[in-house]
Amino acid sequence: KKRIAVMTSGGDSPGMSGTVRAVVRQTIASGCMAFAVYEGYDGLVKGGDMIKEMGWEDVRGWLSEGGTLIGTARCAEFRERPGRLQAANNMIEKGIDALVICGGDGSLTGADKFRDEWPSLMEELVTKGLRSKEDVAPHMHLNIVGLVGSIDNDLSSTDATIGCYSSLTRICQSIDYIDATAFSHQRAFVVEVMGRHCGWLALMAGVSCGADFIFLPENPPTENWEEEMCTIVRRHRDMGKRKTIVIVAEGAHDRKLNHINPKMVKDLLSNKVGLDTRITTLGHVQRGGPPCAYDRMLSTLQGVEAVKAVLEATPETPSPVICIVENKIVRKDLIKAIQMTQQVAKDIEACDFDAAMKGRDAE
Ligand code: F6P
């Protein structure tokens, strides 16, 4: 029986637990054995009880749970070869040679490197006397399938990452709450949202909540942004608006990459526009909590597709990442998706914002 392990890695996101449920159950339904690696790459390096066989009942109710019930961690040891050798040894001990990883671009890059090195890791296990030739012979190829779990929606090649719509929903609910108190006191609020280097959450929250102004990393405001923002906010007030909402992505900066923080925006609204202004940093509230319906659907359909991809893979197939494009669940080349994502970060660093915006738009 083929043995397939599932792992969550990097920052948690709503829908990760549903992904584990889908992978475990599809694996069992396909006549294979399912395993879960607890605490991300850390669990892979530690082995033993951290790699557990999973039954159908073990994941009951996981679809609607937030975060990841098998845990996640940032693991320094896996970044070094001895850590990966240990991880490979632990997998061979359990007879596992297929790994479905749900995480962000960093976690998925690590996974593909592991697959690349796998044959040489097998050889090293034998030369070091840790495993016999017979032990490793049936497992000379490692199968990796990526699923993108992140609230940031920052991976190229997919329209939505698992968790981003739950986070967006939470941000919108929070801004609705803020709206009520802002309206009552005719106040301005500067709301900082997450997203690391990606402005998707800030942009979509701005559209969904009718914000007055937004700050995004990929499309920084004009050089004269202080004046521009104040003029727009004043105009909205002149039109009768009783509240002001400005959304700042945590990675926001000006066109010279100077960080734009909520305090700077607050001072402008207070001192230049004369508004009673408060700052709300939403923080991890936007990452926790139960997944929205979309993420339950996405995690289930993509988890099922990941197992199908494992079973159809050959040693020649490049590692796939499971994506959603125009409402279809599709497989894409994992490495190409990561390269495209990293190119956007490079374009931002080089202040080439037109290229960064095109990169975000690209499939
Ligand atoms: O990538 C997900 C994310 O929540 C980002 O939006 C944010 O920048 C980062 O993780 C926060 O990481 P941590 O929880 O380690 O502070």
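Bear in mind that the values in this text are calculations on the coordinates, not laboratory data. Worth saying up front: this structure is predicted, and the values here are computed from it rather than measured. Cβ sites come from the backbone with ideal geometry, for glycine too, and all protein chains shown count toward neighbours.
Sequence-ordered 3J(HN,Hα) estimates for region 268-285 from the Karplus curve with 6.51, -1.76 and 1.60 and θ = phi - 60° stand at 5, 5, 6, 7, 8, 9, x, 9, 6, 10, 10, 10, 10, 9, 6, x, 6, 4 Hz, glycine and proline given as x.
The aspartates and glutamates whose alpha-carbon is closer than 18 Å to the alpha-carbon of K113, local same-chain residues fewer than 8 away aside, are D42, E77, E80, D97, D105, E123, E124, E316, D333. Note on A76 and S132: the extension gain reaches 17.3 nm, defined as 0.36 nm multiplied by sequence separation minus the Cα-Cα distance. Each 5 Å bin from 0 upward holds the following percent of the Cα-Cα pairs of region 108-166: 4, 17, 19, 14, 12, 9, 8, 9, 7, 1. Largest GNM mean-square fluctuation among S17, S270, S64, using the chain with Cα springs under 10 Å: S270. In this structure the amide hydrogen of G149, modeled in the peptide plane, comes within under 5 Å of the amide hydrogens of G103, G104, I162, none closer than 5 places in sequence on its chain.
Cross-link partners for K272 among the lysines, with Cα-Cα distance under 17 Å and sequence neighbours closer than 8 places in the same chain left out: K243, K263. Distance from the C-alpha centroid of region 331-363 to that of region 217-271: 26 Å, rounded to the whole angstrom.
Rounded to the nearest 0.05, what FRET efficiency do E228 and N327 have when you use their Cβ-Cβ distance and R0 = 30 Å?
FRET efficiency, E228 to N327: 0.25.
For the chain, the relative contact order comes to 21 percent (Cα pairs under 8 Å, sequence separation of at least 6).
Against the main long axis of the alpha-carbon atoms of the chain, helix 16-29 sits at an angle near 30°.
Straight-line cross-link reach from K358 at under 20 Å between alpha-carbon atoms covers these lysines, not counting any fewer than eight positions away in the same chain: K256, K332, K336, K346. 3J(HN,Hα) couplings calculated from phi for region 112-127 with the Karplus curve 6.51 cos²θ - 1.76 cosθ + 1.60 (θ = phi - 60°) are, in sequence order, 5, 4, 4, 5, 4, 7, 3, x, 6, 5, 4, 4, 5, 4, 6, 5 Hz; Gly and Pro show x. Applying D = kT/(6 pi eta Rh) to region 24-176, where Rh is the Kirkwood radius over alpha-carbon pairs, T corresponds to 4 °C and eta to 1.567 mPa s, the Stokes-Einstein value obtained is 77 µm²/s. How high is the FRET efficiency from A180 to Q339, r the C-beta distance, R0 56 Å, rounded to 0.05? Computed FRET efficiency for A180 and Q339 comes out at 0.80. Sorted largest first, the principal axis extents computed over the alpha-carbon atoms of the chain equal 78, 43, 34 Å. From least to most packed, judged by other beta carbons within 10 angstrom and beginning with the fewest, D152, D354, D267 follow the order D354, D267, D152.
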